[in-house]
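None of the figures in this text is laboratory data; all of them are computed from the coordinates on show. Predicted, not measured: the structure shown is a model, and the values here were computed from it. As a convention, Cβ positions derive from the backbone with ideal geometry for all residues, glycine included, and neighbour counts pool all protein chains shown.
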C-alpha cells in the first residue's frame, strides 16, 4: 500500500517543543513521530510507530536466534511477589503503586524478575528442563523523578526483557554470553556505536553486570575507557587502594589554629602560611575532607553517614547513590547539624566520626585513605585542624566507599592506562542475577542426583523505545531526522515537485512500482509548494528522496541521499533499478 | 526455525484449573497457552502469544485495508481529559486510578476517546484534513467487578480501538460503514460466527451503536433475533407501546380487600375468588407490579426509583442497568423501606409514587402500561389492591423505561416476527459517538466556508485477546484445543512416535523441509511415549498432526486431521506435498 502525504496523519512543526533538551527529542516531535501525552509519557504517531516496530523486529529476530522464547506478561502485577523479594519497598517512589476495587495492592511492572521466576517455578521441576531463556517486548513503568529528553527517559516505555534459568554458574555464564552476543548484533544492526562497560547491579541485585552504552554527547551516563581496553560505567569504577604506608617514624598528630578555613582552598592557603611544610607546599590532596550526608532508606528512615575523601576530590553524587542503593543520599541540612552538635561545620574530623565514636555516625573513607597515610583534617573545633593524623594509627574508619569523583587521567584499576571520560546512553543491561530471586521465591529443580537445587538466573534488558531516540540522536542533523535503512519508516520518499499532470502521474507510477516490489514508499502528493515538500522530506528523514519535477521534461528524475546530501539526475527508465540497488544496499550512494 | 517440544516452554496439565468456568479457559490453561498472574490478569506463554499475534495480524491487515492509520497511545493517562468528558467519575470503580510521585492523578486507559480527540485537535485544523481514521492495538484496563472465564473477561486485556473523525454526519456514516465492513471481514477470517445486533451506547455515549456477538452457549450476552432479520442485544430491545385504549366507559377504580397477597401469584388467586371477573379469570398480565430499587450515582448518591411492569413479567436487571448507566441499580433494603414509610411492601401502588406524589419517588412504567390500559395494583395498604385503575385517568407515571424481561416469542419491534433468544460473546462494538467528546474537548476544524465546526466522531473496538478465547471456545472439543489454520500457532505438529533412529531422522527431515518452505512446524522430539505425545498433540490443537512411527518401515506416515479426526496413511515421498496442500487449503481433508 502506498502511503500518501495527503492522507498521512503527520504535521511537521516549525518550532521546537518547549521542553526539548536534546536533538532527538526536538526532531522526533517536530517531525510528527511522537507527541507528549503527559510528563515522560508519549504517544507514537504513525511514522514513529513504524520505526518502533522495525526496532522490535530486529530485537525479536536476534532473541529468537539464540533460542529465547517469547512470552508476554501483564504490566499490572500483584504486590506479593515483589514483597517477597523486597522490591515492593526497595523501589521506593519510582514504583507506580495502585489499589484495585477490592483494596488489593498492585504495581505497574518496572521489570519482571519475580514474575518470570514464579512462572518457571510453576511449570518446571527438573534440571532436564534447563537451560531456558524467555523474553518479552513489553510496556514498562517507572515513576522517574526527572523524566527527560522525550522517549530517552520516559515513565512509560517499551523494553525487551529476558530472563535465563540455569542449573549452575557455568550454565548462567553461557546464557549470559549468548545474550551479550545477541545484544552486540542488535546494536550493530541498529547502527549504534555501543561500548560495553562494567556496571553496578544496583537494586537488581546479583553479581556481575554490564551495560551497553551508545556513545552520545547528550548521554546521561558517564563512562570511562582506557587505552588498554578497560571500560566501565563511572559508578562502577573501583579505585585500587595504595599499599599500606609504614608510619613508625611519623610525627605525632598536632592540632593547629587555622582560622577561617571552612573550605579546602582556604585551609591549604592558611596551612602554607601558618604551618609550612619543609619539603613542599601543602596541597589539597594532603587534606582529608569529611562530608556528611543523610541516607534515606526505602522505608523512609534518615541515617547520617560521613564520607572521608582526599581534599582534591569531590563526592560524586551518582557514584555515592549507586553505592547506597536502594537507599538514597540527601543533603545534610542546617537542622541536621543542629541535631548533631558534635559536628562542627567546616571543621569535621575523624575523632568525631565512626560507629564507636560518641556521635555513632558511620564513617566511610575513600580507598586512597589507606593505612599509614597522613592527613590534614578537621579538629572538630571552629578554626582548628589537626596535622599528621595517620590512618590506622590515629583513627580507624568503619570501612571504605567509592564516592570520590573519577577524573580524566586517573589510572584504570586493571593497570591498562589512564582513563578517558565519555558520555553515553544506556541501551542495554545484562545481569548475572545468580540466586537472589530464585531463593526468595523458592525456584528449585531436581538435579541429576534427585536433589533440590536453587536455579540461577540472569536478566537482560534492551530499551526498545529508547533505541528509537538513540538512533535518531546519532543520525539526525541540523535539517531533521535521517534514518538508517534498517529502521526507516519508509525507504523512499517521492516528492511530486510541481502541479503538472505528468509530474504527478510519473510520481504515482514510480510509487506503485516500488510498492509492488515490496519497498515501503511515501508519496508526497500534496498541493503544497516544492519548497515546503523538500523541507518536510528533510525533517522526516527517509534515506532516499526522489524528486519528480521540472527535469522530467528532459527525461530525468533527481535522487537525493538524505544523509550525504548527494543529488543525482537519473534517466527516468533507470530510476527504478537505481532505487532497488539503493534499498538493497548494492549502491550506498543513491 | 523448527520449534522442538523438547525445548518449548510448555507443560500440558492433567487437571482443570479450579476457577475454569468455560471450556476455552480450561483448555487454554491446560494446554499451556496462558497462565493466571492475578484475578483477571493473564500471562501469555509462547503458544498463546503466537495465536495472539496471528489475531493481531489479521486485525491490522483489515484496518490498514480501510485506510485507518496505526498509532500507539500510552496506557497510563492523565486525569484531566477524562475529567473534561465526565468519564473520570462516570466510570466508577471500573477505572484503575493511581497517583504519581508528585501526587498527580492518573488512570489506566479503558478506552482512549479523549486522547485521540485531543491528538487530532493538536495536529489538525481544517476540513481538508478529514476524514481520518486512527487505530491502535493496545493493552487496556478495566477493574471488572467479576473478571471471569480467563481471558474472556479480564482486567488487563488487548483491544484494537479505532476512532474516526469527520466533518459531518454523512462522513461519520461512511467511516462507520467502513469499520463495520472491516469487522465483518475480521471475524470471517477468524472463523467466528458473528451476529451484528443493535446495542446500547452506555457510558460511551453517542447515538447509534452495534455489537458484534460471537454466537456461543457460554456467552455473557443475551441477544434476540427474529425470522425477519431483526437482531439486538437484549439490553437494546425496544418494546412498541400499544395504541392508547379509549376508557370512556371504564368503571371507576375500586379498592378491594385482598388479604395476604404480597405476590402476583397470590393476588391473582385471591382476586379470582373474591372479585371474579365476568368474561374470563384474572391473569398475572392484568396486574401492575411496582418494584422499587435504589439508583446509585457515579458520585455515590442513592436515589429511589419505582418501576411499574405487567405482573407477568420480571424486571431484567441487566436491561435496567443499561438504562441507568453510568448509575447502577441496587436492591431496596429493609432500611430503605423504613426510611420511606409510604411504601407498603407487597402492596405498593401508583398513588404513592411519582415525582409529584407525596413520596416524590420517580415512577417509570413499562411501555405496555399505555394510556387507557386498566390494572389491578397495590392500594398502598396491607391486604388491599385497587381494581380498574386506568393509566392516564387514575394515574400518570413520570415516563417509561425498558426494564421488563424479554421473552422468547415476544414480537420484534420492527414487526419482523417473534423473537428468539440466544447467547453470545461481545467481540466488537461500533459507536457513532457524534459530538460528545469533540464538544467536551473543543475539537473543531474550519469548514469550507472558514467557519469553525465541531468534528463528529466514531469509535470502534475489537477484543483481540478475547478473540483468542472466542475462537478456542468455538473450536475446542472434549480432547483439547483445535485451531483453525488462520491463527494456529503451528500448522503442522510432527510426532516422532518411537525411539528408533530412523523414525527420529525421518521426523526431523520432514520438519526441516516444512520449515524451509516457510511452514510453521512443531516437532515432538521428546523421549516420552507415543501415547503421551498423541494426547499432548490433541490438547495443543495444531490443525494437522503427522505421526512418524512404526509404519515408516512399510514406507508410510500417518496424517491426522485434528478437527475431523480423520487418519490417512500416506506414502513417505508424498507426505510433504500432501501437507503443503493441506496448509495452503487445496485439500481440507489432510
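Values as computed for the structure displayed
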read-out: Inter-copy label distances at residue A:382 (7 Å, Cα→Cβ; nm, one decimal); value: 8.9
read-out: Position residue B:18, label points 7 Å along Cα→Cβ, spacing to each other copy in nm (shortest first, one decimal); value: 5.4
read-out: Compactness of segment B:535-590, expressed as Rg and Dmax over alpha-carbon positions, Å; value: 11.0, 29
read-out: Rg and Dmax [Cα atoms of segment A:1-146; Å; Rg one decimal, Dmax integer]; value: 19.8, 61
read-out: Whole-Å semi-axes of the ellipsoid equivalent to segment A:254-400 (Cα gyration tensor, √5λ, descending); value: 26, 16, 14
read-out: Label spacing, shortest first and in nm, from residue A:228 to its equivalents in the remaining copies (7 angstrom along Cα→Cβ); value: 9.3
read-out: Whole-Å semi-axes of segment B:374-513's equivalent ellipsoid (Cα gyration tensor); value: 58, 34, 13
read-out: Centroid-to-centroid separation of segment B:479-522 and segment B:260-275 [C-alpha atoms, Å]; value: 71
read-out: Gap separating the Cα centres of segment B:84-142 and segment A:77-129, nearest whole Å; value: 28
read-out: Angle between chain B longest axis and helix B:264-274 axis [Cα atoms, degrees, rounded to 10]; value: 40
read-out: Convex hull volume of segment B:5-62 per residue (C-alpha atoms, cubic angstrom); value: 101
read-out: Pairwise Cα inverse-distance average, inverted: Kirkwood Rh of chain B (Å); value: 27.8
read-out: Span per principal axis, largest first, for the Cα atoms of segment B:185-275 (Å); value: 64, 32, 31
read-out: Estimated D of segment B:492-584 in µm² per second, where Rh is the Kirkwood radius over Cα pairs and Stokes-Einstein applies at 37 °C, 0.692 mPa s; value: 254
read-out: Model label zone, residue A:61; criterion: amide N under 17 Å from point 7 Å along Cα-to-beta-carbon; scope segment A:148-173; value: none
read-out: Pair-distance profile P(r), taking every C-alpha pair of segment B:80-152, with 5 angstrom steps and integer %; value: 3, 11, 20, 19, 18, 13, 8, 5, 2, 0
read-out: Helical mean residue ellipticity (222 nm; -39500 (n - 2.57) per DSSP H run of 4+; nearest 500) of chain A; value: -8000 deg cm²/dmol
read-out: Chain B residue with Cβ closest to the axis mapping B onto A, distance in whole Å; value: B:98, 2
read-out: Residue A:504-residue A:416 pseudo-label distance in nm [points 7 Å out on the Cα-to-Cβ vector]; value: 6.2
read-out: Ratio of the Cα radius of gyration of segment A:407-482 to 2.2 N^0.38 Å, where N counts its residues; value: 1.86
read-out: Angle between chain A longest axis and helix A:46-65 axis [Cα atoms, degrees, rounded to 10]; value: 70
read-out: Between helix B:530-540 and chain B: long-axis angle, C-alpha atoms, 0 to 90°, nearest 10; value: 40
read-out: Sorted largest first, extent of segment B:452-492 alpha carbons per principal axis (Å); value: 61, 20, 11
read-out: Neighbour-count order for B:279, A:515, A:478, B:316, fewest beta carbons within 10 angstrom listed first; value: B:279, A:478, A:515, B:316
read-out: Alpha-carbon spread of segment A:348-438, three principal axes, descending order, Å; value: 49, 39, 24
read-out: Dimensions in Å of the protein assembly as shown - Rg and Dmax from alpha carbons; value: 36.9, 133
read-out: Cα centroid separation, segment B:450-475 to segment B:305-369 (Å); value: 35
